Every structure is written in C-alpha cells, then in structure tokens.
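**Student:** Before we start, here is the structure in question, set down as structure tokens.
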Amino acid sequence: MKPGYIREAVLAAARRRTWLWAGVLLLLALGIVFAIVRLAGHDSLPSESVTTTPYAGSTGAITARSIGDGDDGQWTMAAKNYASTRFSSAREIDTRNVRRLHVAFTFSTGIVKGHEAAPLVIGGMMYIVTPFPNYVYALDLTQPGAPVKWTFKPKPLSAAQGVACCDVVNRGAAYADNRIFFNTLDNRTIALDATTGRMLWETKLGDINRGETMTMAPLVAGGKVLVGNAGGEMGVRGWFAALDAATGRIAWKAFATGPDRDVLIGPAYKPFYAMDRGRDLGVTSWPPDAWKMGGGAAWGWVSYDPQLRLVYYGTGNPGPWNPEQRPGDNKFATGVFARNIDDGQARWFYQSSPHDLFDHDGINEQILLDMPVKGRMRGVMARPERNGYFYIMDRATGEVLSAKAFGPVTAYKGVDLKTGRLAPNPAMEPKEGRVVRGICPSAPGMKDWNPAAFSPLTGLVYIPHNNLCMDWGSYEANYIAGTPYIGADVKYYAGPGGHRGVLTAWDPVHQRPVWRIKEDLPLWSGALTTGGGLLFYGTMDGWFKAVDQRSGKLLWRFKTGSGIIGQPISYRGPDGHQYIAILSGVGGWPGSIVSNALDARDPTAGNGWGSAVGDLPQKTTAGGMLYVFALPH
Amino acid sequence: MIASLVSLSACDREERESRGRPLAEAAAGGPLVSTLRAGEPPHPRPDPRAAEYENNAYAVSQGQKLFQAMNCSGCHAHGGGGMGPALMDDQWRYGGNMEQIVATLDQGRPNGMLSWRGRLTAQQMWQLAAYVRSLSAQQRQDVLPGRADEPSNTEPQTLRSREEMHSSSPAGVQGTAQ
C-alpha cells in the first residue's frame, strides 16, 4: 500500500467523522422541529401501532368502521379493502424521505396493450394479470430481483379483441384462501392455486359473439367471487354474478335489464326514490324489446359492507349511445345497485343518470366512509361520478345526502335531492340531425374508470380525473350482434383552462375542493394514499408522481418507460420494508391512440379521442413494465 | 390356428391411407394475403371488378352508406380506427388492394375482424372495399365522396392526400396479442 493512499484514507475517515457529527446535529435539529410541529398539532400521523383503526382526518370522514380489517401490509384486492379506500397505512416512506425513493426492481410483461391492473401482494409473492392475452405472472419477492415463480396463460380467443370497446385491458385479480381469481377477455372467470399456478376451476359466463367481454377486477367476499361483464358499446345485456369461490358454480346472476325476476328484484327491494320503484322497470322503461340489447354492463368497481351484507356496484351506459332510440329511463343502466351478497336480491337501486344522454356510465368506485352529515355520523358511500357530481349516499338506504359538481358541468343543471333526479340541460340534449357543441363533461366523463383514493389522515378523497368537453352528433344505430351499437359521432377536447387532466383533493364533508393539480394529458391512472402522508398517481406520458396529501405539493417523480394508466399499490416486502408498485404501459380508451396505432387526423378516432390526444404518440410509446420502488436500505 | 388369426387381424390394422386423398385444385385463385410466395415472387392477378367498383363514384358512396349502416364506423371510426385498425393510414395488416379488402370482409380476420359472409352480398363488399380505399384517397379526386350523410365533423375525403400502401402493421401493435 502506498503512503499517499494511507494519507487519503485517514483524511477520508476524518471527513466521515465530520459528516457524522453534522448528521447528529441535523437529526437533533430535526427532532426539535418535529416536536414543535407535533405540539402545534399539525402532525396527525398515527403512531406505529395504529394500523387497524381508521384515523379521523381534518374533515371528520373516516374509513367505514364496519369494514374493520387491519392493514397487514399485503395488497389482496385491487382497491386494497372492501371499503375501496386504496389507503396503505405503511409510513416508512413519508413526505420527508420520499425524494430518496428509487427503483428496487422492474419486470417486463412483454405486452404492448394498456396496463390498467393493480398488482397483488400476498405473503412473499406478487401477482400480475396482464391485458389480453391475460397472462398471470407470480413473482417471488423473497428472491433478489423477484424472479418469476410461475406463469399462467389462459389463451383467450383471439377474436375477443374485436369486441373490446376500449383497448383489451384487464383491471386486476383478487385473492382469497390461497387462490387467485381473475377474468379473461373472452368471458371466463378462472381460479388458480396461488402457490403453484395450477387452474382450480374456470366458469364461462358470456359470449363474444354477442359483444360481451370481461375486463373488471373481481371482488371476493363471503366465499363468493363477484364479477360482471363489459360491452355497453356493443349492445350487450349487462349482468353481475356471484360465483362460489370453492367451485366456480354460479350462486346468482342478476341482469341489469329485463323483468324483475331476471334483475333479482323481489320483496327486499326498497329504493329510496319513487323514480326507481315499480314493477318490471327493466322492461317498461324501454321501447319494446330494446332492453334485450340495453347495456347496463357491470365493468367497474365493487365494494362490500360485511355488516349490512350488502355488495355495491354500478351499471354502465344503456345501448345505444344515441338517446333518441331509447325513450324512457332505461333501467337499470347508469346507476348503483346494493344487493344482498347471499342471494343477490336487490336492496336498493339509484339511477344517477336516468335516460343517459352522454355515455355517462355509473360504474365508478364506491368508497365506504363514516362521516358527519348535518352533525350526525352516517354510514355513507362516496361516488365521484362520471356525470361530474360527487355523490354522498347513505349506503343502507340509497338516499343521496349530497351531490356537488367536482368540475365544470354544462350537460346538467344539478341533482334534485328531493326526487334524487339528475336534471339535464335541454340545450345540450343530443338530437339527430344537429351537432351539439360544448358538452361538459365529455363521454369519458368527469372521471372514467380510474379509481380515487381516500386518506384517513386528511379525510379527503383524491380523484384523478378528466377536464374534457365534447361535440356530439347523433345518427341512427343498427343493432348487429357482435358489432358496435353506438349511433353517435363525438369529438373530445380540453375543457376550461386548456388542460385535459386534473387531480382534485375533495373534501366529502364540506363538498368542496381543497386543492387541485392540473395535468396536461387526461388522467387515466388510479390513486394511492399512504400513512406517510403521500399520494401516488401516474400520467399518460409516463411520470409516476408522489405529492403531499395536505398541499398537493410535488415531492418526487420518476419517468417510466411508457404512459401510466395502472393502479399504484403499497406493500410491506418480505424484508419488512415498504414498497410502492405500479404497472406502466399506455393504452386504455384514450391510450389506444398509441397501443392500437390510431390515426388522429380523424377527430372521431377511438370514439372521439382523435381530437383530444393526437399528441400522445409523440409523448409516449407502448410497452408493459412493472416498476417497484423503495427507499435505500 | 389362433396364431394365424391374430396375424391376419394384425394385417387388417396395418391398412391405412398414408397420403390422404388428393384435394380438388379449387384452392388456387383468390387474393393473396401474404407478400411471400414459395418458389417465386407473387403475381397479382387483379380481379376485373376491382377497377370497375373503385373508379365509380356511385359505388364509393354506396360503400360509405354501408360503412355507417353496418357499424363499420363503430370500430374503424371515419378512417382513424378505434377497436379496429385505422383505415386512412398507409399500413395494411392483411393487404389493401380491392381483392384483399373484399377477402377480409368475406372471411374475417383472426384478431377481431368479423366475417360478413352471408350478411353482405358480393356487390356490397366490393362497394365497401371501394369506400375503404377512398379513406386514404386511393381514387381520383372526382370519385371521392365530399361529405357524409350524418354529422361526422370529419374533413371531406377530397381534402386528403393519397397514402402509399404498405403491407405491414404499425410498430407497437404487433405484440404477443397479435
């Protein structure tokens, strides 16, 4: 060893000691500041032990007490829990250290379609279901680099791609009792052994020749796998079914249209509003036989209240889009059902958009909260709705407690809380032979499928959504099974302000926005909140972002390889550390301009997206990749 | 005796058609979808109907009506695509000449294009093919339709410039899924 080197080493050691002392001083200073902040009452982070009890935020809204499941650091269903909060109580990664977040590992799915799924984490394993052809990958998190333990290929029919309205997406799997449950594009629900990847059962539930597909993430509750179909743009007849988790046998199946016996409406059905009461409304609120191709598909989110034993889900748009072809309320499309999980019997239904005029599906998530309403704590569900209104509803009765627009609305004049009825703006009503301009929100809605998150730290709901308006021209649609049943030429474009996406932090109690982040492109990713005070979401040009739940201040961002339309999750790894995971891979309805190589010179490409996101192919390219982040440790 | 019976029945089992019966030669003809041809370069044999339909304004506008009425526009929009590929661009997965488009309409294609055999007449398929080619302005300007019947708000095809035709898929589309 050369003397010069020794001198360097001694100097380096001295420098390290200096740094060490500086570090100790800094920690002391930070500790004092932290204590002051705590005394001032601004820091309401729960202590480490508080992971099972919901924590009251500044609004007084908390996660529904009836859910009552603790956070074990896993992620067993797309929405994290039955209340669909998407809140992870993990707080190793927080507002102070998030800037040091870095990539822990990545994994290519090998598929170039839109990746909308939430990864699942159970034990030391991560499970990913891809878009068509719906591969399921099991990654071993206990090994360096998380190698693939098994892959399952369900081999869906190739032709199913031709009846999937908005890219060939899949929104994720569900887990219970060492089983992974997921849907294939060609209408099968499949159960796999989580350890080996062996198929335990599969149940075929629909037919692509009638335009049906399945894209939603199942929910497993009470020993039942809850699933529904997609295909509102193909004139399907919507349904929602419960399968026995052990055998795959259909326990019950409820249609969204047709006679009461098909819709599972019986003596237990007690809707809050007169408009939703009556005999065989699924037939009588349609022109003759139109209900047979009337849509109302259940392709979105499911929540469950174990105390009430009620399962909640929304129904999609009626078919066709052209409203003049289906006079009537078109029940039970564009609304929300509460059903008994045991027999499927409807308890109540609320139609958020009667006689839907604008493809304003009602499939958005139900976030189950307990919160003060006029001074009294109520068990509610929060629904940031596609039609632009943020609904607070009593989840036991279906009563609308409040419904306030969370963005610019010209299509409607508001929700009458006495009758529950949405009031359309007559000037904006589509009519054959004329083009209506300046309709806000557009057909993809103030908010499409991508789910919001709730944080019990702040009591706020974080909504990733659109700021889009549209022009609409109706024409007569012909029903041909297996082909689109739409009857409208539409063009979307940025709403007031010129930006196409927004993230709104919404106070559900006081019905007002607390802060907003404007995003240039439409927001098509889900949101995640964590106990570290962070909110995660992604943009269609590939940025994965962490912002402060309280202020919306951007604290960290990372550019992934493709646009993000997935659902971020947080989990505790086998090493005890917190991880954040997201699938990158542009696609979905707006992203199909990239993943299906649409030509934006046609403004109506992709049912209206050509005019709205023609710049996307210059901003991102297709390709599915999992990114997992952690702090250095 | 028993041994000879066993050997005889064994002889019966050995009888089989090892080459299959020759098929009729009817398989030849019809449009090629591949540009690769075993043994020699392809010789496109144009169908005489192709030019007749393609250069006929009436046929193109009838095709335009059918394109809307049969819900083609639901998947392909007004050429920009959606669930189905764009038709106004320069990329053709299964070939873009008249015969190939008619064959696609008749036979369907494996990744979601359905077969219209028995639902459209041959004449309607030729009319549709002529309109589909007009989306990338393959015809003379005086053949292209100026406006659609319904309020589509798209530019008239007469304003479009003619695209080159390539037998290929755009990058990104040809993944595992295709």
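The values are calculated or read from the model by the stated rules, or taken from the named source; none is laboratory data. The structure presented is a predicted model; accordingly, all values stated were derived computationally and were not measured. All Cβ positions, glycine included, derive from the backbone under ideal geometry; neighbour counts span all protein chains shown. For the accessible areas, the whole protein counts, side chains as well, though only heavy atoms, and no ligand, DNA or RNA atoms are used. Shrake-Rupley method; radii C 1.70, N 1.55, O 1.52, S 1.80 Å.
**Student:** Remind me, what semi-axes does the range A:151-234 give for its equivalent ellipsoid, largest first in whole Å, using sqrt of 5 times each Cα gyration tensor eigenvalue?
**Tutor:** Values: eigenvalues 102, 37, 20 Å².
Semi-axes from the Cα gyration tensor: 23, 14, 10 Å.
**Student:** OK, next. Name the residues whose placed amide hydrogens come within less than 5 Å of the amide hydrogen of B:Ser136, ignoring near sequence neighbours (fewer than 5 apart) on the same chain.
**Tutor:** The list, which skips near neighbours in sequence, is empty: none.
**Student:** Can you list the residues of the range A:456-502 whose accessible area drops by at least 30 Å² going from the chain on its own to the full set of protein chains, with a 1.4 Å probe?
**Tutor:** Hits at the 30 Å² cut-off: A:Tyr475, A:Asn478, A:Ile480, A:Thr483, A:Pro484, A:Asp489, A:Lys491.
**Student:** Starting from the amide H of A:Ser88, placed 1.01 Å from N in the peptide plane, find each other amide H under 5 Å away whose residue is 5 or more places distant or on another chain.
**Tutor:** Close amide H contacts, sequence-distant or interchain: A:Thr529, A:Thr530, A:Gly531.
**Student:** Also: In the range A:314-414, if the dipole is taken from +1 on Lys/Arg beta carbons and -1 on Asp/Glu beta carbons about the Cα centre, which of A:Val400, A:Ala338, A:Ser353 is farthest to the positive end?
**Tutor:** Result: A:Val400, furthest along the dipole toward the positive end.
**Student:** Roughly how large, in nm² to one decimal, is the mean projection of the convex hull of the alpha-carbon atoms in the protein assembly as shown?
**Tutor:** 48.7 nm²
**Student:** Let me ask you something else. How big is the charge dipole of the range A:139-280 about its Cα centre, in debye rounded to the nearest 20, if each Lys and Arg gets +1 on its Cβ and each Asp and Glu gets -1 on its Cβ?
**Tutor:** Around 220 debye, computed over the range A:139-280.
**Student:** Of the accessible area of the protein assembly as shown, with the probe set at 1.4 angstrom, what percent is carbon plus sulfur?
**Tutor:** Answer for the protein assembly as shown: carbon and sulfur cover 55 percent of the accessible area.
**Student:** I'd like the trypsin sites (Lys or Arg not before Pro) in the range A:204-249 restricted to DSSP loop residues with at most 13 other Cβ atoms within 10 Å, sorted by number.
**Tutor:** Those that pass, being in a loop and sparsely packed, are A:Arg249.
**Student:** Could you grab the relative contact order for chain A? Cα pairs under 8 Å, six or more apart, rounded to a whole percent.
**Tutor:** 15 percent
**Student:** Return the sequence-ordered ³J(HN,Hα) values of the range B:90-99 in whole Hz as given by the Karplus equation 6.51 cos²θ - 1.76 cosθ + 1.60 applied to θ = phi - 60°, using x for Gly and Pro.
**Tutor:** Calculated HN-Hα couplings, in order: 9, 10, 10, 5, 10, x, x, 7, 3, 5 Hz.
**Student:** Also, quick follow-up: Applying the Karplus parametrisation 6.51 cos²θ - 1.76 cosθ + 1.60 with θ = phi - 60° to the phi angles of the range A:545-562, what ³J(HN,Hα) value in whole Hz is obtained for each residue in order, glycine and proline being reported as x?
**Tutor:** Once rounded to whole Hz, the list reads 10, 10, 10, 6, 4, 7, 10, x, 5, 6, 10, 6, 8, 9, 8, 8, x, 9.
**Student:** Tell me, what HN-Hα J-couplings in whole Hz come from the Karplus equation 6.51 cos²θ - 1.76 cosθ + 1.60 at θ = phi - 60° for each residue of the range A:607-619, using x for Gly and Pro?
**Tutor:** Result, rounded to whole Hz: 6, x, 7, x, 6, 8, 10, x, 8, 4, x, 7, 9.
**Student:** Next up: Please calculate the 1.4 Å probe accessible area of A:Phe132, with all protein chains present, and give it to the nearest 10 Å².
**Tutor:** For A:Phe132, the solvent-accessible surface is approximately 10 Å².
**Student:** Provide the buried accessible surface between chains B and A in square angstrom, both chains summed, 1.4 Å probe, rounded to the nearest 100.
**Tutor:** Counting protein atoms only, the buried area is about 3000 Å².
**Student:** About the Cα centre of the range A:118-198, what is the dipole size in debye to 20, counting +1 per Lys and Arg Cβ and -1 per Asp and Glu Cβ, all else neutral?
**Tutor:** Using only the charged Cβ atoms, the result is roughly 120 debye.
**Student:** If you take every residue apart from A:Arg378 with its C-beta less than 12 Å away from the C-beta of A:Arg378, what net charge results, scoring Lys and Arg +1 and Asp and Glu -1?
**Tutor:** With Lys, Arg at +1 and Asp, Glu at -1, the neighbours total +1.
**Student:** Quick one: Debye curve from the C-alpha atoms of the range A:378-499, no solvent, what's log10 I(q)/I(0) at q = 0.11, 0.13, 0.14, 0.21 Å⁻¹?
**Tutor:** -0.47, -0.63, -0.72, -1.21
**Student:** For every helix of n ≥ 4 consecutive DSSP H residues, a contribution of -39,500 (n - 2.57) applies; sum these over chain A, divide by its total residues, and give [θ] at 222 nm rounded to the nearest 500 deg cm²/dmol. All intermediate terms of the calculation are to be shown ahead of the outcome.
**Tutor:** Working: 6 runs with 62 residues, N = 633.
Calculated from helices alone, the mean residue ellipticity at 222 nm is -3000 deg cm²/dmol.
**Student:** Shifting gears a bit: Whenever you get a sec, line up A:Tyr82, A:Tyr412 from highest to lowest accessible area (probe 1.4 Å, protein heavy atoms).
**Tutor:** Details: A:Tyr82 50, A:Tyr412 15 Å².
My answer, sorted largest first, is A:Tyr82, A:Tyr412.
**Student:** For chain A, with every protein chain kept in place, what is the accessible area per residue (1.4 Å probe, Å²)?
**Tutor:** Result: 34 Å² of accessible area for each residue.
**Student:** Same structure, new question: Report, to the nearest 10°, how far helix A:3-40 tilts away from the longest principal axis of the Cα atoms in chain A, using its own Cα long axis and a range of 0 to 90°.
**Tutor:** Approximately 50 degrees, to the nearest ten.
**Student:** All other residues with a Cβ under 13 Å from the Cβ of A:Gly344 taken together, and with Lys, Arg as +1 and Asp, Glu as -1, what is their net charge?
**Tutor:** Charge balance in the 13 Å sphere: +1.
**Student:** Another question, then. Taking loop as defined by DSSP and a crowding limit of 14 other beta carbons within 10 Å, which trypsin sites (Lys or Arg not before Pro) in the range A:61-165 fit?
**Tutor:** Passing both the DSSP loop test and the Cβ count: A:Arg96.
**Student:** Could I ask something else about it? Would you pull out the residues with amide H under 5 Å of A:Ala104's amide H, same chain only if 5 or more places away, H placed 1.01 Å from N?
**Tutor:** Residues meeting the amide H criterion: A:Val628, A:Phe629, A:Ala630.
**Student:** Starting from the residue with the highest accessible area, list A:Leu598, B:Leu32 in decreasing order, probe 1.4 Å. The partial results should precede the final answer.
**Tutor:** Details: A:Leu598 20, B:Leu32 80 Å².
Listed by decreasing accessible area, they come as B:Leu32, A:Leu598.
**Student:** For A:Asp244 paired with A:Arg277, estimate the spin-label separation in nm (one decimal), with each label point 7 Å from Cα along the Cα-to-Cβ line.
**Tutor:** That separation, rounded to one decimal, is 3.8 nm.
**Student:** A further question on this structure: What is the Cα convex hull volume of the range A:475-536 when expressed per residue in Å³?
**Tutor:** On the way: hull volume 12.0 nm³, N = 62.
Convex hull volume per residue, Cα atoms: 194 Å³.
**Student:** Using DSSP to call loops (not H, G, I, E or B), can you name the trypsin sites (Lys or Arg not before Pro) in the range A:534-583 whose Cβ has at most 12 other Cβ atoms within 10 angstrom?
**Tutor:** Those satisfying the criteria are A:Lys553.
**Student:** Can you pull the accessible area of B:Tyr131 for me, 1.4 Å probe, Å² to the nearest 10?
**Tutor:** 10 Å²
**Student:** On to the next question. Order A:His115, A:His633, B:His76, A:His577, most accessible first, counting only protein heavy atoms with a 1.4 angstrom probe.
**Tutor:** Greatest to least solvent exposure: A:His633, A:His577, B:His76, A:His115.
**Student:** At a Förster distance of 56 Å, what's the computed FRET efficiency of A:Thr142 paired with A:Asp289, Cβ-Cβ distance as r, to 0.05? Don't skip to the end; give the middle numbers.
**Tutor:** Values: r = 57 Å, r/R0 = 1.02.
It comes to 0.50.
**Student:** I'd like the FRET efficiency for A:His102 and A:Thr195, computed as 1/(1 + (r/R0)^6) with the beta carbon distance as r and R0 of 51 Å, rounded to 0.05. Intermediate values should be presented prior to the final figure.
**Tutor:** Numbers: r = 31 Å, r/R0 = 0.61.
The calculated FRET efficiency here is 0.95.
**Student:** Now a separate question. Taking the dipole about the Cα centre of the protein assembly as shown, with the C-beta of Lys and Arg at +1 and of Asp and Glu at -1, give me whichever of A:Thr95, B:Asn71, A:Pro154 is farthest to the positive side.
**Tutor:** Selected residue: A:Thr95.
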